[in-house]
Structures are given as C-alpha cells and as structure tokens.
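K.L.:
Before I ask anything, let me first share the structure, which is written out below as structure tokens.
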C-alpha cells in the first residue's frame, strides 16, 4: 500500500506536468541540456516565462540546474523523469493510432 504522502507528492508532480508549456520544456530537456535563452528561443517564448516555468519544475524536482560561468544549464533531474516523459508520450501516441 502506498502512503498518503507519496500519493500527495505524486499528485504534485503530475500537477507540475499538467501545463503544456512545462511539459514541453521537460520534453525538450529530456533531449538535451539547455540554458533559459535556448529554451525560450526553441519554444518561441519569453525568457521570463521560461524562467517562471523552470522554477515550478525545479520545485517539483523534475529539472535541475548547474552553473557554467554566468549561465545556468538546465537538465532533467534523473532518468525516472526521462522515462516518465517517454512512457506518457508513447501512451498518448498509441491511443491516437
């Protein structure tokens, strides 16, 4: 049996991924590490929008960052997140076919 805290934390994780912009950012980061400006340019979004979404994703422990000089490089927090995104996208694609 899964405890209530675990289910609550899982719910918060899915809540963070429920926004299409955040899901797109996580998907892009599952392909390659990127800084905020690269994500913004790739997704045609404002840098401030991307920064705000990354803050939410980071608090949900879906992404992490490291500093390279003055730049923060963002990546997926671990392989569980990459696998989650892969499974969800595969599931959705299978249901469409």
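K.L.:
Check 61, 22, 82 and return the single one that is under 12 Å from the mean Cα position of the chain (by Cα) and at positive phi.
P.N.:
61
K.L.:
For region 1-19, give me the residue count where each residue is exposed (fewer than 11 other Cβ atoms within 10 Å of the Cβ) and under 16 Å from the mean Cα position of the chain (by Cα).
P.N.:
Matching residues across region 1-19 total 2.
K.L.:
Further, regarding this structure: Identify, from the list 42, 89, 71, 49, the residue that is at pLDDT 95 or above, under 15 Å from residue 31 (Cβ atoms) and surrounded by fewer than 16 Cβ atoms within 10 Å (Cβ to Cβ).
P.N.:
Just a single option satisfies the conditions, and that option is 42.
K.L.:
When residues of region 1-13 are filtered for being within 13 Å of residue 81 (Cα to Cα) and modelled with pLDDT of 95 or more, how many remain?
P.N.:
0
K.L.:
Go through region 29-39 and report how many residues are out of contact with any strand residue (DSSP E or B) (no Cβ under 7 Å at 6 or more places or on another chain) and either part of a loop (DSSP other than H, G, I, E, B) or surrounded by fewer than 16 Cβ atoms within 10 Å (Cβ to Cβ) (or both).
P.N.:
Total satisfying the criteria: 3.
This table checks each residue for (1) in a loop (DSSP other than H, G, I, E, B); (2) touching a helix residue (DSSP H, G or I) at 6+ places or on another chain (Cβ under 8 Å); (3) in contact (Cβ under 8 Å) with a residue 12 or more places away in the chain; (4) over 16 Å from residue 17 (Cβ atoms).
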| position | (1), (2), (3), (4) |
| --- | --- |
| 27 | no, yes, yes, no |
| 42 | no, yes, yes, yes |
| 53 | no, yes, yes, no |
| 73 | no, no, yes, yes |
| 83 | no, no, no, no |
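The values are calculated or read from the model by the stated rules, or taken from the named source; none is laboratory data. Values in this document were obtained by computation on a predicted structure and should not be read as measured data. Counting neighbours? That spans all protein chains shown, and the Cβs are built from the backbone with ideal geometry, glycine included.
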